[in-house]
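Undergrad: Below is one structure. I have some questions about it.
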Ligand code: WTA
């Protein structure tokens, strides 16, 4: 048990303290009167009223929001058309997403406001106003058009976290090209698969990026990937590190060369509300990564409205989200949601412990940042590195904290609240997914009493429920599956090139209802407590990794006969990745082979997917019909007693021998 934090006047305060485990957590932190007074939404009653309207009269609610929040070139005729999952939003309307993020602020007081403040890992700083951002995006839009890109073409982005990554996304949006950002930590193999799946014509990359004092070799990775990508015609290369690289004649073009002489103004075309905006690949429970497709108006509205309410954005805020643009958080809460609100976004290129573990705190003081949005895995790492790194810094500019990507354990929540927020800053624990496009279950900081470890209540328009296996609503406090029963504007529209998989993955379990893949419960106050994935997707350090992807990478190694990947609870990463492997005859288990299997997965997918532990087995536990029983392997990996029904197990001695090993 922790000692009770003292209630403080005009600060978020504790009304009850008990134990720190999620299942029994009962502390409540109410918003301070001071925060409420200045909040974009300042009471629970106001939230409840607006929420009720949003789910009971969605057409009325979304019509008003779309008209107020977005700049339309042509007004829409119909708010929503068709049943889930094929709902179309704002039908008949036309807009340009980049114009909504940039041009709308020109000619206003925001014109000379910083849109982006960038700090590179070596410490270099660049600030770009909305006016300057406009110029950069216009020029790049011309470069793209000169390359022959047209609306609907796909552009793969493989860049470090630099302003040009945001500029590239916006230039694509401006001309109606569909971007697919691939996180720089993915391997050439993974990049190749993504490029081939969407048949990208252009790849935008850099000569490198800085991470932990070293250069990430982005361009050599692109060169390798492009040995097998017939669709790619051009590679645009940004100079970031001056790392020597090869430029392939006729294919590779330097950004600064192409940029030279491009006009500063670009007339943006208007596109239909449902024009595709981007594809973002994410892990699913089977097969290859899924190309989640988001479209224009609905996505942008979700990102913009949630940014406004969840981050309580004010004109003076200086907002820092530590996610890379390679993830959905970087799309919605670095680029689209923030810029459309005219916010100042701070981005950082490198590692949080470079040169020392206080890098974030140093940057917050240096740039007077007011909002920090980061992941529990990072918070737990900061805790481990020690309070002294935090205490060196003032952090008095901060007024709001956010968490995303995985459940935040109450200990980490309390540390974040006390050490970083100084008990003054509300914490918004935001639950959402690549597929939902925007924050889905979340506190609103001026309205919602907080409970450490709970993502609290649904955002506007989100009809979230906990159901049992038959789809019946589960009673309060009993666990079940988290579903969303009504369509919402920023939901994914399909999986690129595979509409059947889209319907199968999300809408087959409960027809007409979106199944999230997460398990959760709702407490007596209706608060949602997310337990985590209940499908074959792992969440390692806040990154989604499909067990099927890991297994297929492993079996592509010449020594492996069969493989099964499971998660094991881990203090730092949330889940650690454990793989069980059986070998083909003639191959011997050894430490060297474990290392080479880890390296092999790193090569196939990227180092973020490297198993933490490789275990060799004579055979794997299977059902009589030959399905690997992952549930049993999970218990074995965690070192706990094998629980549940084992009557379908074909050969129980397999389990006994697995338990004996290691
Ligand atoms: C998990 C990231 C608990 C969840 C935005 C979800 C969370 C998956 C939270 C989506 C949270 C995300 N509390 N779990 N606040 N946020 N998750 O697509 O399991 O990378 O299904 O989107 O992360 O991961 P994705």
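Undergrad: What ranking, highest mean first, results for peptides 150-157, 296-303 when packing means the other Cβ atoms within 10 Å averaged over each residue? List each step's numbers first, then the result.
TA: On the way: 150-157: 19.9, 296-303: 28.2.
Going from most to least packed, we get 296-303, 150-157.
Undergrad: For residue 498 paired with residue 242, estimate the spin-label separation in nm (one decimal), with each label point 7 Å from Cα along the Cα-to-Cβ line.
TA: Result: 4.4 nm between the two label points.
Undergrad: How compact and how long is region 424-493, expressed as Rg and Dmax of its alpha-carbon atoms in Å?
TA: Rg, Dmax (Cα atoms, Å): 13.1, 43.
Undergrad: Here is a further query. May I ask you to compute the full-extension gain from residue 224 to residue 63, defined as 0.36 nm times their residue separation minus their alpha-carbon distance, rounded to one decimal in nm? Working shown, then result.
TA: Working: separation 161, 0.36 × 161 = 57.96 nm, distance 4.76 nm.
Here the answer is 53.2 nm.
Undergrad: If each residue's Cβ is checked for other Cβ atoms within 10 Å, how do 398, 608 rank with the fewest at the top? Show your work: numbers first, answer last.
TA: On the way: 398 21, 608 17.
Least crowded to most crowded, the residues run 608, 398.
Undergrad: With 10 angstrom as the radius, rank 312, 536 by how many other C-beta atoms surround their C-beta, starting from the fewest. All intermediate terms of the calculation are to be shown ahead of the outcome.
TA: Values: 312 24, 536 20.
Lowest to highest Cβ neighbour count: 536, 312.
Undergrad: Separate question: Calculate how large, on average over all directions, the projected area of the Cα convex hull of the chain is; give the answer in nm² to one decimal. Let's see the in-between values first.
TA: Working: hull surface 115.8 nm².
Its average projected convex-hull area is 29.0 nm².
Undergrad: Still on this model: For residue 391 and residue 78, what does the FRET efficiency come to when R0 = 56 Å and r is the distance between their Cβ atoms, rounded to the nearest 0.05? List each step's numbers first, then the result.
TA: On the way: r = 56 Å, r/R0 = 1.00.
E(calc), rounded to 0.05, equals 0.50.
Undergrad: Sticking with this structure for a sec: When you have a sec, figure out the Kirkwood radius of region 476-545 from all distinct Cα pair distances and drop it here in Å to one decimal?
TA: Mean inverse Cα-Cα distance, inverted, gives 13.5 Å.
Undergrad: While we're looking at this one, here's another question. Based on the Cβ-Cβ distance from residue 52 to residue 269, what FRET efficiency comes out when R0 is 45 Å, to the nearest 0.05?
TA: According to the calculation, E is roughly 0.70.
Undergrad: Subtracting the Cα-Cα distance from 0.36 nm times the residue separation, let me have the gained length for residue 366 to residue 384 in nm, one decimal. It would help to have the intermediate numbers written out before the result.
TA: Working: separation 18, 0.36 × 18 = 6.48 nm, distance 2.34 nm.
Length gained between residue 366 and residue 384: 4.1 nm.
Undergrad: Can you compute the equivalent ellipsoid semi-axes for region 253-343, i.e. the square root of 5 times each eigenvalue of the Cα gyration tensor, sorted largest first and rounded to whole Å? Walk me through the intermediate numbers first.
TA: Numbers: eigenvalues 115, 99, 52 Å².
Ellipsoid semi-axes (Å, largest first): 24, 22, 16.
Undergrad: Projected area of region 541-661, taken from the Cα convex hull and averaged over every viewing direction, in nm²? Let's see the in-between values first.
TA: Values: hull surface 30.2 nm².
Value for region 541-661: 7.6 nm².
Undergrad: What whole number of Å gives the distance from the Cα centroid of region 529-543 to the Cα centroid of region 592-607?
TA: Taking the Cα centre of region 529-543 as reference, the centre of region 592-607 is 22 Å away.
Undergrad: Okay, moving on. Treat the count of other C-beta atoms within 10 Å as a stand-in for reagent exposure and order 470, 60 from fewest to most. Display every interim value, and only then the final one.
TA: Values: 470 6, 60 12.
Sorted ascending by nearby Cβ count, the order is 470, 60.
Undergrad: Distance between the C-alpha centers of region 441-512 and region 280-336? Whole Å please.
TA: 17 Å
Undergrad: Sorted by packing (mean other beta-carbon atoms within 10 Å per residue), highest first, where do 637-645, 413-421 land?
TA: Numbers: 637-645: 12.8, 413-421: 21.0.
Answer by packing, highest mean first, reads 413-421, 637-645.
Undergrad: Residue separation times 0.36 nm, minus the C-alpha to C-alpha distance between residue 561 and residue 645: what's the value?
TA: Details: separation 84, 0.36 × 84 = 30.24 nm, distance 2.68 nm.
Between residue 561 and residue 645, full extension yields an extra 27.6 nm.
Undergrad: Separate question: How many nm is it between the label spots at residue 657 and residue 233, if each spot is 7 Å from the Cα in line with the beta carbon?
TA: Taking the simple label geometry, residue 657 and residue 233 are separated by 5.8 nm.
Undergrad: On to the next question. Determine, for each peptide in 385-391, 522-528, the mean count of other beta carbons within 10 angstrom over its residues, then list the peptides with the highest first. If you can, show how the numbers build up before the last one.
TA: On the way: 385-391: 13.6, 522-528: 16.0.
Packing proxy ranking, top to bottom: 522-528, 385-391.
Undergrad: Right, something else. Could you calculate the FRET efficiency of residue 215 with residue 111 from 1/(1 + (r/R0)^6), where r is the beta carbon distance between them and R0 is 41 Å, rounded to 0.05?
TA: On the way: r = 36 Å, r/R0 = 0.87.
Calculated transfer efficiency: 0.70.
Undergrad: Rg/Rh for region 301-355 to two decimals, with Rh computed the Kirkwood way over all alpha-carbon pairs.
TA: 1.00
Here, each number is a calculation from the coordinates, and none is a lab measurement. It should be emphasised that the depicted structure is a prediction, and the values quoted were computed from it without experimental measurement. Here the Cβ is made from the backbone with ideal geometry for all residues, glycine too, and neighbour counts use every protein chain on show.
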